[in-house]
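Quick note: the coordinates plus some simple rules give every number you see, no bench work behind them. All of these numbers come straight from a predicted model, not from anything done at the bench. Cβ atoms come from the backbone with ideal geometry, glycine included; neighbour counts cover every protein chain shown.
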Amino acid sequence: MLEHIKISLRITVVLLVITCGLYPAIVWGIGQIAFRHQANGSLIERDGKPIGSEIIGQNFAGERYFHPRPSAAGNDGYDGTASGGSNLGPTSKKLLDTIGDRVTKYADTKPASGIPADAVMASASGLDPHISPANALSQAARVARARGLSNSQIESMIHAHTEGRFLGIYGEPRVNVLLLNLDLDTAATKK
């Protein structure tokens, strides 16, 4: 019996070293060597300070910026520590009222192609950094007007920031809102 306990303790220590020490260190090392930007949060820096992440949505307000998907993460939305959806089901009156309010507000912009679903419905995480190209194009006239640019200039920026499907088959084309808005700001400072 004592011999079985010794063997069990040795196996426990060996597995502890492998699973809690070696394996995480190897995975961390591979991440730092092969995927440094992604492994460190895909942070975007300006003047040496992080201003956001390519993979975490953040709110943009005002006419000069493209707006992200609505967020249910946290009390005010876009809270990275409270990632998650509203958990309201399709028969929920609160969900229908919330979407109805968003549709009413969005309809004021009168997009010619209709209101894209991702403009009024939050993502499951509440932190989706992307919008559909249709959503971006429906906001183009507002942004162009606010920035004093032509629609074609804004639309070409949208097309330049449109990412295709993963491996050409998975997901949908998408536009990263933070990268697009930063490009707009950079273009404005070059004028």
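Between Glu172, Glu54, Glu63, which gets the highest mean-square fluctuation from a Gaussian network model of the chain, Cα cutoff 10 Å?
Glu172
Cut-off 10 angstrom, C-alpha nodes, Gaussian network model of the chain. Which of Ile51, Ile158, Ile115 fluctuates the most?
In this elastic network of the chain, the residue with the biggest mean-square fluctuation among Ile51, Ile158, Ile115 is Ile51.
Cut-off 10 angstrom, C-alpha nodes, Gaussian network model of the chain. Which of Val14, Val175, Val120 fluctuates the most?
Of the options given, Val14 has the highest mean-square fluctuation.
Quick one: which residues, 5+ away or cross-chain, put their amide H under 5 Å from the amide H of Arg64? H built at 1.01 Å from N.
Under 5 Å from the amide H of Arg64 lies no amide H from a residue far enough along the sequence or on another chain.
For the chain, what relative contact order do you get, as a whole percent, if you take Cα pairs closer than 8 Å and at least 6 residues apart?
19
Hey, for a label at Ala117 modelled as a point 7 Å past Cα toward Cβ, could you say which residues of segment 150-191 have their backbone N under 17 Å away?
What the label zone holds, given the 17 Å backbone N cut-off, is 170-175.
List, in order, the whole-Hz ³J(HN,Hα) value for each residue of segment 98-106 obtained from phi through the Karplus relation with A = 6.51, B = -1.76, C = 1.60 and θ = phi - 60°; use x for Gly and Pro.
Per residue, the Karplus-derived 3J(HN,Hα) values read 4, 5, x, 5, 5, 4, 4, 5, 5 Hz.
For each of Ser92, Ser152, Ser53, count neighbouring Cβ atoms within 10 Å of the residue's Cβ, then give the residues from fewest to most.
Ser152, Ser92, Ser53
Under a point spin-label approximation (7 Å from Cα along Cα-to-Cβ), what is the Lys93-Thr12 distance to one decimal in nm?
5.6
Take the alpha carbon gyration tensor of segment 1-40, find the square roots of its eigenvalues, order them as a ≥ b ≥ c, and report rounded if a/c is under 1.5; if not, report prolate when a/b exceeds b/c, else oblate.
prolate
When the helices in the chain are scored as -39500 (n - 2.57) per DSSP H run of 4 or longer and the sum is shared across all residues, what 222 nm value do you end up with, to the nearest 500 deg cm²/dmol?
Mean residue ellipticity at 222 nm (helix-derived): -14000 deg cm²/dmol.
On a 0 to 90° scale, report how tilted helix 151-160 is relative to the longest principal axis of the chain, with both axes built from alpha carbons and the result rounded to the nearest 10.
20
What is the Cα centroid distance between segment 107-172 and segment 1-46, reported in whole angstrom?
Between the Cα centre of segment 107-172 and that of segment 1-46, the gap is 41 Å.
Arrange the following residues from fewest to most other Cβ atoms within 10 Å of their Cβ: Met121, Met1.
Met1, Met121
In what sequence do Asp101, Asp47 fall when counting other Cβ within 10 Å, fewest first?
Ascending number of Cβ neighbours within 10 Å: Asp47, Asp101.
Show me, for segment 9-15, the HN-Hα J-couplings you get by feeding each phi into the Karplus relation (A = 6.51, B = -1.76, C = 1.60, θ = phi - 60°), rounded to Hz, glycine and proline as x.
Working through the residues one at a time gives 5, 4, 4, 4, 5, 4, 5 Hz.
Please name whichever of Leu16, Gln38, Pro68 sits farthest to the positive end of the charge dipole of segment 1-108, dipole taken about the Cα centre and charges placed at Cβ: Lys and Arg +1, Asp and Glu -1.
Checking the options against the dipole of segment 1-108, the answer is Leu16.
So what are the ³J(HN,Hα) numbers for segment 124-131, from phi and the Karplus equation (6.51, -1.76, 1.60; θ = phi - 60°), rounded to whole Hz, Gly and Pro as x?
With the stated coefficients, segment 124-131 comes to 5, 8, x, 10, 5, x, 10, 10 Hz.
Which one, Val103, Ser138, Ser125, projects farthest toward the positive side of the charge dipole computed for the chain from Cβ point charges (K/R +1, D/E -1)?
Ser138
Please identify the chymotrypsin sites (Phe, Trp or Tyr not before Pro) of segment 1-108 that satisfy two criteria: DSSP loop assignment and at most 10 other Cβ atoms within 10 Å. Which are they?
none
Kindly identify the chain as rounded, prolate or oblate by the Cα gyration tensor criterion: order the square roots of the eigenvalues as a ≥ b ≥ c, call it rounded if a/c is under 1.5, otherwise compare a/b with b/c, prolate if a/b is larger, else oblate.
Judged from the Cα gyration tensor, the chain comes out prolate (a/c at least 1.5, a/b above b/c).
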